[in-house]
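Peer 1: Sharing a structure, written as structure tokens. Questions coming.
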């Protein structure tokens, strides 16, 4: 698979470095383009938590399209080095923060920021997406009032998830990738 690229905005056309080895599964350009067609201009001046960031492709696309702030998180040292290199190559340092922590531990902590978008694309076939989504559901202070939580999984991983504060409002399938969209339940 070719390295992902920035599709639109200030850094349009720049190819990103891949993470060495097989610890990540980069989003394809097709899926990323579809995602940002859905989000549309709402990303301008928004904030995003790219929770299992890998190459940083999703968050960098947000910054390129005008997001105010993106926090990139990954547990793996190689991914963190790749994200930092990709931030430099795209010249999207303004508004970018990179942290190396366990995503599930982050979601259990007292929120220090309310994000407009939280993107969850963990390692496949381990049900980590369910654990992360439930942790976020139990600690919704990470979310602004109009937040979207977007989960990227393989469609074979899909199963119903019991949630208190989040509700699913859409699903989109692109070949072997499924995007599931959640928002805060109405009070």
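Peer 1: How about region 130-156: which of its residues are without any contact (Cβ under 8 Å) to a residue 40 or more places away in the chain and in contact with a helix residue (DSSP H, G or I) (Cβ under 7 Å, 6 or more places away or on another chain)?
Peer 2: 131, 135, 136, 139, 149, 151, 153
Yes/no per residue for (1) in contact with a strand residue (DSSP E or B) (Cβ under 9 Å, 6 or more places away or on another chain); (2) within 20 Å of residue 118 (Cα to Cα); (3) at pLDDT below 95:
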position: 12; (1), (2), (3): yes, no, no
position: 17; (1), (2), (3): no, no, yes
position: 20; (1), (2), (3): no, no, yes
position: 23; (1), (2), (3): no, no, yes
position: 34; (1), (2), (3): yes, yes, no
position: 40; (1), (2), (3): no, yes, yes
position: 43; (1), (2), (3): yes, yes, no
position: 47; (1), (2), (3): yes, yes, no
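Peer 1: Hey, another quick one. Check 53, 34, 11, 67 and return the single one that is in contact with a helix residue (DSSP H, G or I) (Cβ under 8 Å, 6 or more places away or on another chain) and closer than 23 Å to residue 174 by Cα.
Peer 2: Values: 34 fails: in contact with a helix residue (DSSP H, G or I) (Cβ under 8 Å, 6 or more places away or on another chain); 11 fails: closer than 23 Å to residue 174 by Cα; 67 fails: closer than 23 Å to residue 174 by Cα.
Among 53, 34, 11, 67, only 53 is in contact with a helix residue (DSSP H, G or I) (Cβ under 8 Å, 6 or more places away or on another chain) and closer than 23 Å to residue 174 by Cα.
Peer 1: Oh, and also: For region 77-92, which residues satisfy the criterion of being within 15 Å of residue 9 (Cβ to Cβ) and free of Cβ contacts under 8 Å to residues at least 60 places away in the same chain? First the steps, then the outcome.
Peer 2: If we filter region 77-92 for residues that are within 15 Å of residue 9 (Cβ to Cβ), which is where we start, we get 86-87, 89-92.
Matches in region 77-92: 87 only.
Peer 1: Working only within region 114-123, note down all residues that are surrounded by fewer than 22 Cβ atoms within 10 Å (Cβ to Cβ) and either touching a strand residue (DSSP E or B) at 6+ places or on another chain (Cβ under 7 Å) or without any contact (Cβ under 8 Å) to a residue 60 or more places away in the chain (or both).
Peer 2: 114
Peer 1: Follow-up question, since we're still on this one. Residues of region 70-86 being in contact with a helix residue (DSSP H, G or I) (Cβ under 9 Å, 6 or more places away or on another chain) and crowded, with 24+ Cβ neighbours inside 10 Å, which ones?
Peer 2: 70, 72, 74, 83, 86
Peer 1: Which number in (1) assigned to a strand (DSSP E or B); (2) exposed (fewer than 14 other Cβ atoms within 10 Å of the Cβ); (3) at pLDDT 95 or above marks the one condition that residue 168 misses?
Peer 2: (2)
Peer 1: State the number of residues belonging to region 138-162 that are over 16 Å from residue 121 (Cα atoms) and surrounded by 21 or more Cβ atoms within 10 Å (Cβ to Cβ).
Peer 2: Of the residues in region 138-162, 3 are over 16 Å from residue 121 (Cα atoms) and surrounded by 21 or more Cβ atoms within 10 Å (Cβ to Cβ).
Peer 1: Can you name the number of the only condition in (1) surrounded by 15 or more Cβ atoms within 10 Å (Cβ to Cβ); (2) free of Cβ contacts under 8 Å to residues at least 60 places away in the same chain; (3) farther than 17 Å from residue 10 by Cβ that residue 110 fails?
Peer 2: Failed condition: (1).
The values are calculated or read from the model by the stated rules, or taken from the named source; none is laboratory data. Since we're looking at a predicted model, the values are computed, not measured. All Cβ positions, even for glycine, are placed from backbone atoms using ideal geometry, and neighbour counts span all protein chains on display.
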